[in-house]
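Engineer: I'd like to ask you about the structure that follows.
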Amino acid sequence: MTFEALGINTSVLKALTDAGYTKPTPVQEQAVPAAIAGKDLLVSSQTGSGKTAAFMLPSLTRLAALPPAAAGKTPNQEMQAAKARGERPRFKAAQPKMLVLTPTRELALQVTTNTDKYAVNLRGIKAVSILGGMPYPKQMQLLSRNPEILVATPGRLIDHMESGKIDFSQLQILVLDEADRMLDMGFIDDIEKIVAATPDSRQTMLFSATLDGVVGNMARRITKDPMVIQIISAANKHENISQRVHFVDDLSHKNRLLDHLLRDETLDQAVVFTATKRDADTIADRLNIAGFSAAALHGDMHQGARNRTLDSMRRGQVKVLVATDVAARGIDVPTITHVFNYDLPKFAEDYVHRIGRTGRAGRNGLAISLVNHAEGMNVKRIERFTKQLIPVTTIEGFEPKRTAPPRSAARPGGWKPGDNRGGKPGQRSFSKPGAPRKEGGGYPREGGSGGYPREGASTGGGFNRDGGGYKGARTDGARRSYGDR
């Protein structure tokens, strides 16, 4: 099937051709015609399947077909006219025709960038991002242009709604991108509030890795007679991504093995996933000292710094990106050949999203997990979710001293008091000469006292799935953190 056969606007088709698009993906083949017809959609498809185009191409086609708006001044022009008359300018609320909600800033910016690419030949259709980390004056300037398309993270959008800067009375299309992730991050109340502020006559499209559970319940409430499209579930195999597990004895062994693997000649660019923002900074610093071109990416960084880091990654100036789960959402760099799970994710679904950063656009990729022996049960959980066995691999000279436990014999969870990651009490971190010893297990951090938290251990009470974060501690998945407001 061709894009022409889908009924897309001719100006949008020209932009697709200029951008090198040749044929629609399976999710686009099904979603685009139905969306152009005005149907509500519930779509389950894996990351990297082309879902941004699946909802944006038909939306641009519908918006381009609308009759021209009545002649009038934009909110910005009205404010300038008021100033010229010597009056105090009053901000007029923006009235977008399309709203796209995303869980993270990176994904919002990616959607906006792709929209600009698709709409380059359309006159009068503008898309802007409203998200956390961007100065309010800049956002007010963007809203004053009365953009047709608004791409936003829920927290910051709520702020502008409550201050009267956005009016959804003219909204025609609502898209929830990665709805499952937004719910995991605790945005359900915000989403309900935003949906309640939109007209009942809107078209609603929801994209998610799964349509079960809480996501399914919400989807049924906010859509009308939706068309359900399930291209491939998140649990299916990534056929073009090879997966491996390397068991490690302790933190020093893990760091030496990561250093060796990053020197693979077939590696173009890589993403290393860590459990905490602090570890992302620490590991990126250590890799830079070791001679790698590395950079950290996490929620505590200002948006400008995050944008510069991603731009450097896309230009090839950064070879190794050390990231947390939330910060890495929306990364689409085709030259990423390797993904490393320095720490296993808390949920098996996140494993699928992580390894999906490689193997983009039909390329092959390699996903490697560095796993402590006590985390065998976590590996089994991922295997049950993905319905495939992840082979265990060893490298000569980096073999673990302990034998990897049989999958069925893996301990049911975490470390017990006195465990020391398989090493001896007092083991030094990163083999740094002169590093202080820490008695009683754990490994000292470079540049500070105390030890690394044991792998699999909680740092602030149990993990609160419904709230999207740790009870009593901030994490990248915590609800309404400043970083993604």
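The values are calculated or read from the model by the stated rules, or taken from the named source; none is laboratory data. All values derive from a computational prediction rather than experimental measurement. Cβ sites come from the backbone with ideal geometry, for glycine too, and all protein chains shown count toward neighbours.
Engineer: Out of GLY376, GLY365, GLY291, GLY359, which single residue is small (Gly, Ala, Ser) and free of Cβ contacts under 8 Å to residues at least 24 places away in the same chain? Working first, answer last.
Structural biologist: Values: GLY376 fails: free of Cβ contacts under 8 Å to residues at least 24 places away in the same chain; GLY365 fails: free of Cβ contacts under 8 Å to residues at least 24 places away in the same chain; GLY359 fails: free of Cβ contacts under 8 Å to residues at least 24 places away in the same chain.
Selected residue: GLY291, the only one of GLY376, GLY365, GLY291, GLY359 that is small (Gly, Ala, Ser) and free of Cβ contacts under 8 Å to residues at least 24 places away in the same chain.
Engineer: Starting from residues that are in contact (Cβ under 8 Å) with a residue 12 or more places away in the chain and of a type in the set (Val, Ile, Thr), keep the ones in segment 1-16 and report whichever is surrounded by the most Cβ atoms within 10 Å (Cβ to Cβ). Please lay out each step first, then the result.
Structural biologist: At the first step, the residues of segment 1-16 found to be in contact (Cβ under 8 Å) with a residue 12 or more places away in the chain are 1-3, 6-9, 11-12, 14-16.
Now drop any that are not of a type in the set (Val, Ile, Thr), which leaves 2, 8, 12.
On the way: THR2: 11, ILE8: 25, VAL12: 22.
The extreme case among them is ILE8.
Engineer: Next up: Would you confirm whether or not segment 135-151 contains a residue that is of a type in the set (D, E, K, R), farther than 25 Å from ASN9 by Cα and surrounded by fewer than 16 Cβ atoms within 10 Å (Cβ to Cβ)?
Structural biologist: yes
Engineer: Based on what the data block shows, is GLY316 over 20 Å from the mean Cα position of the chain (by Cα) and without any contact (Cβ under 8 Å) to a residue 24 or more places away in the chain? Before the answer, list the steps.
Structural biologist: Numbers: over 20 Å from the mean Cα position of the chain (by Cα): yes; without any contact (Cβ under 8 Å) to a residue 24 or more places away in the chain: no.
Judged against the criteria, GLY316 is not a match.
Engineer: In segment 338-379, which residues are assigned to a strand (DSSP E or B) and of a type in the set (Val, Ile, Thr)? Step through it out loud before you land on a result.
Structural biologist: Taking segment 338-379 and keeping what is assigned to a strand (DSSP E or B), we get 338-341, 365-372.
Passing the criteria: VAL339, ILE368, VAL371.
Engineer: Would you point out which residue out of PRO412, PRO334, PRO433 is surrounded by fewer than 20 Cβ atoms within 10 Å (Cβ to Cβ) and either modelled with pLDDT of 80 or more or of a type in the set (S, T, N, Q) (or both)?
Structural biologist: PRO334
Engineer: Out of curiosity, is ALA327 buried (at least 23 other Cβ atoms within 10 Å of the Cβ) and modelled with pLDDT under 90? First the steps, then the outcome.
Structural biologist: Details: buried (at least 23 other Cβ atoms within 10 Å of the Cβ): yes; modelled with pLDDT under 90: yes.
For ALA327, the condition - buried (at least 23 other Cβ atoms within 10 Å of the Cβ) and modelled with pLDDT under 90 - is met.
Engineer: Could you count how many residues in segment 284-329 are under 18 Å from THR112 (Cα atoms), touching a Lys or Arg at 6+ places or on another chain (Cβ under 8 Å) and either among the basic types (Lys, Arg) or not in a helix (DSSP H, G or I) (or both)?
Structural biologist: 2
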